[in-house]
Every structure is written in structure tokens, then in C-alpha cells.
Amino acid sequence: MSNLTIEELKKIRDDAHIAAYAAHDAAAAAYAAADAAYDAALADVVIKEGQAATMISMDRVYSTRDGIPVRMLCVDGPSKNYPVIGIMEGSDHPQSWGANGKYDQRTHTSEYDLIEVKPKIVIERWFNVVQSPDYGLYIEQYSTKDAAIAARQVHGDTIITKAIPFVWREP
């Protein structure tokens, strides 16, 4: 049993949550920055006349920039400037885009530009909050619950073991 008061334990728990959420927020910000860089690069692609390669592919999943899912029909449609054809969710008629996914080649960005939907990745990390007489309060991170529990048995001064899921999309 710990010699700490309930208030001290709550403070330690809250500090551990703050540290874990800060790590999560930093990871989320890094992935958001990578997504923004990807979107900017996609918007700046210039399709040259006669260029055969397209950026939009039938083997990927797309939505519009504002999140409307798009069912792709083809990437080699009859229009030279707008060869990508798909149907936005909730619509009854096909829509076309440039080979680079732009809805309107004359504008920088549009809410209807195609954006690749990356699968969500969820990784769960386990944290032990430890109060050590030698090192003070610190946090240990583990990839599995078993590893965290095994470490907890080694460090008898572990206060709490908690799982925190980290969710992001591949950049």
C-alpha cells in the first residue's frame, strides 16, 4: 500500500495523463503537418500536355477535400483535361477531375479536389507511472500489456499501469 494521500495519487495520475496526452498531441501534429505537405504538393502538380502518367489510381481510395467519399469509375476518361471520373457519395451523376485530382484546374484548391484516404493506424502503448525514492516520479512506456505488467512486478513502486491508444493516418 502506498504512503501517499488520495490527493497526491490523483495529482500523480493527472500529471501522467497530461504527459501522455502531450505525446499523443505531438504525434498527431506531426502527422497533420505531413498530410498538409502532401496536399500542398498534390495541389501544385502540373500535368503537362501528352503526359501519360496520372496521380489518381484506381487501386486507391479517395474522398473530396471536404470528406465526401468518392467511388472511382475510371482514370482514363474521354476528356484530356479531366480524365478521372467518379461518383461522390449522395450524388446520382458522375463527376470528373483532372489527372492530378483537382476539381478545377484553374483554382489552387477546391473542397471537391480528390484526396487519398489513408487507412487509420491504431497503436496501443502501455505506460507505468512509477514513484521511486531514488528517481522520483517517472513514466515507462511499453508496447504490450504483458511487458508493462512484467516491469511493474520488477518495480514494486509502480502507481498505475494504463493503456493509451494512438490513432493516425499514414502520411
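The values are calculated or read from the model by the stated rules, or taken from the named source; none is laboratory data. All values derive from a computational prediction rather than experimental measurement. Don't worry about glycine lacking a Cβ; one is built from the backbone with ideal geometry, like all the others, and counts go over all protein chains shown.
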Does Val154 meet the test of being of a type in the set (Val, Ile, Thr), surrounded by 14 or more Cβ atoms within 10 Å (Cβ to Cβ) and more than 29 Å from Asp25 (Cβ to Cβ)? no
State which residue pairs qualify: first residue outside the structural domain of Tyr103 (by TED's automatic domain parsing) and inside the range 64-81, second residue at pLDDT below 95 in any location, beta carbons under 7 Å apart, and separation of 6 or more residues or different chains. none
Please state which of the following conditions Leu4 fails to meet, knowing it meets all the rest: (1) at pLDDT below 90; (2) assigned to a loop (DSSP other than H, G, I, E, B); (3) farther than 30 Å from Glu140 by Cα. (3)
Please find, within the range 91-131, the residue that is farthest from Gly67 (Cα to Cα) out of those that are more than 21 Å from the chain's Cα centre (by Cα) and exposed (fewer than 12 other Cβ atoms within 10 Å of the Cβ). Arg106
For Ala147, work out the one condition from (1) on the phi > 0 side of the Ramachandran plot; (2) surrounded by 14 or more Cβ atoms within 10 Å (Cβ to Cβ); (3) in the same structural domain as Ala23 (by TED's automatic domain parsing) it doesn't fulfil. (1)
Enumerate the strands (runs of 3 or more DSSP E) found wholly within the range 73-171, keeping only those where 3 or more residues are of a type outside the set (Asp, Glu). 84-88, 95-97, 120-132, 136-142, 158-169
Just the residues that are closer than 30 Å to Lys80 by Cα and β-branched (Val, Ile, Thr), please, taken from the range 103-145. Thr107, Thr109, Ile115, Val117
Pairs where the first residue, in the range 102-120, is among the small types (Gly, Ala, Ser) and the second is outside any loop (DSSP other than H, G, I, E, B), C-beta under 9 Å, 6+ apart: Ser110/Thr64
